[in-house]
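In what follows, a single structure is set out as structure tokens and then discussed.
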Amino acid sequence: MPRHDFQPGKLVVGLFLTAGGIAYAGDAGGWWETEWFAIIPVVVVGLCLAGAVASVNHAVRRRRAARRPSNS
């Protein structure tokens, strides 16, 4: 199986969506009360942060590739 590049933006959005799912699972289990609109800020913040992380990751990879000597 070929290795793939690490994509931290997907990791960040996955963590935020998991946190939202845990919040609603706790509400369904009766452990605490979660308002119906609580997922909106969690998802919006998670997507914005993931976009920022992905942009930084892209810039770092592009800069490293530019410094790497070509073997051609």
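The values are calculated or read from the model by the stated rules, or taken from the named source; none is laboratory data. As the structure is a prediction and not an experimental result, all values here were calculated from the model. For neighbour counting, all protein chains shown are included, and Cβ atoms are generated from backbone atoms with ideal geometry for every residue, glycine included. Quick note on the areas: whole protein, heavy atoms, side chains included, nothing else; ligands and nucleic acids left out. Shrake-Rupley method; radii C 1.70, N 1.55, O 1.52, S 1.80 Å.
For this structure, a couple of remarks:
- Folded to 0 to 90 degrees: helix 39-67 orientation relative to the chain principal axis, Cα: 10 degrees
- The helix-only estimate of mean residue ellipticity at 222 nm for the chain, built from DSSP H runs of length n ≥ 4 each weighted as -39500 (n - 2.57), is -24500 deg cm²/dmol after division by the residue total.
- Ala23-Ala54 FRET efficiency (beta carbon distance; Förster radius 35 Å; 0.05 resolution): 0.90
- Atom-type composition of the exposed protein surface of the stretch 8-67 places 71 percent of the accessible area on carbon and sulfur (1.4 angstrom probe).
- Estimated inter-spin distance, His4 and Thr34, nm [label 7 Å along Cα→Cβ]: 2.6 nm
- Degrees between helix 8-28 axis and first principal axis of the chain (Cα, 0 to 90, nearest 10): 10 degrees
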